[in-house]
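Below: one structure, written as structure tokens.
Every read-out reported here was derived from the displayed coordinates using simple, explicitly stated rules and does not represent laboratory data. Here the structure is a predicted model, which means the values were calculated and not measured. Here the Cβ is made from the backbone with ideal geometry for all residues, glycine too, and neighbour counts use every protein chain on show.
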Number of protein chains: 2
Amino acid sequence: MRIGDLAARAGVSVRALRYYEEQGLLTSVRSPGGQRRYADRDVARVLLIQRLYQAGLSSRTIVDLLPCTETPSHEASDLAFERMRQERDRITGHIAELVRTRDALDRLLAANRTHREGLVPG
Amino acid sequence: MRIGDLAARAGVSVRALRYYEEQGLLTSVRSPGGQRRYADRDVARVLLIQRLYQAGLSSRTIVDLLPCTETPSHEASDLAFERMRQERDRITGHIAELVRTRDALDRLLAANRTHREGLVPG
DNA sequence: CTAAAACCTGACGTTGACGTCAGAGGCAAG
DNA sequence: CTTGCCTCTGACGTCAACGTCAGGTTTTAG
């Protein structure tokens, strides 16, 4: 599978895939001519990377965690495991914050709706 | 209230407050010498701004919505109202994504715990 | 065999929310 | 009036995840 195919299947840009490799998030086998070739399983890997980015993790953090995800072995360091727990908790906190923000918006929307429905005629 | 006091009370930097003013998110009255003076209610305003930033809104988006929040009037344009609904829905979607990501991490954590607890002895 | 399409490696550009530094001025206390 | 802290206006720096362009090579369709 070539880089353009992987990009299409994972819904990211070719540039992004090269950047992931540069950051150590993704590896590739090279063709005799030097072009990157990927396996089918890399689609899922890229989707996971995207998911983690979207959750606010940095490249550095992701590269620390990925060994855990690929080969759940005892060698996956305690630090990586602990880091994963930390990130999980951070996400939980972020979700709570977003819920509060949404509630605030809901209250503002309600207040505006009141004024819109003519309870305060102009 | 001076800018340093507001910064301390709202938990942001002085630089951030000047930036908010530059972006049209915050206004101030000037002292005879040209220094910014704020009212107590500006603390809440800054906290709201911070909350919206943290929810992924840009300065531009926030400045569009803030008129709605300060004076819920009929003049608050339909566009601002609609925009607010959009952002609310975007946040809801984002929350759902974060929950999915957290679930993924939970599964990975469970897998690793299995290997850690000696079910696969080394 | 050829031309188009895809890929390669640099390397500089972008964006947003500030950080930081320089040089100068305002302000309450003693 | 001066000491010291706070504040002012520029204006350049930062950082991350790519976008984009240049100039050249590989792969594939016909």
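Numbers below:
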quantity: Shortest-first distances to equivalent copies, position B:ASP78, nm, label 7 Å out along Cβ; calculated: 6.3
quantity: Whole-Hz couplings from phi, Karplus 6.51/-1.76/1.60, listed for region A:89-96; x for Gly and Pro; calculated: 5, 4, 4, 4, x, 4, 4, 4
quantity: P(r) tail fraction, the protein assembly as shown - alpha-carbon pairs more than 31 Å apart, %; calculated: 46
quantity: Residue of chain A whose Cβ sits closest to the axis mapping A onto B, with distance in whole Å; calculated: A:ILE95, 3
quantity: Inter-chain Cβ neighbour average for residues A:53-62, partner chain, 10 Å; calculated: 2
quantity: Gaussian network model of chain A, springs between alpha carbon atoms under 10 Å - residue of A:ALA55, A:ALA80, A:ALA104 with greatest fluctuation; calculated: A:ALA104
quantity: Estimated vicinal HN-Hα couplings, Hz - region B:100-108 in sequence order (Karplus 6.51, -1.76, 1.60; Gly, Pro = x); calculated: 4, 5, 5, 4, 4, 5, 4, 5, 5
quantity: Rounded tilt (10° steps) of B:59-70 against the dominant C-alpha axis of chain B; calculated: 60
quantity: Highest-fluctuation residue, A:THR101, A:THR61, A:THR27 considered, GNM on chain A with Cα pairs under 10 Å; calculated: A:THR101
quantity: Cα long-axis angle, helix B:41-54 against chain B (0 to 90 degrees, to the nearest 10); calculated: 40
quantity: Euclidean distance between Cα centres, region B:39-55 to region A:11-45, Å; calculated: 42
quantity: Inverse mean reciprocal Cα-Cα distance (Kirkwood Rh) of chain B, Å; calculated: 17.6
quantity: Candidates A:ARG107, A:ARG37, A:ARG85: whichever shows maximal mean-square fluctuation once chain A is modelled as a Gaussian network with Cα springs under 10 Å; calculated: A:ARG107
quantity: Net dipole in debye of the protein assembly as shown [+1 Lys, Arg Cβ; -1 Asp, Glu Cβ; about Cα centre; nearest 20]; calculated: 360
quantity: Of B:THR114, B:ILE95, A:ALA10, farthest towards positive along the dipole that unit charges on Lys, Arg, Asp, Glu beta carbons give the protein assembly as shown; calculated: A:ALA10
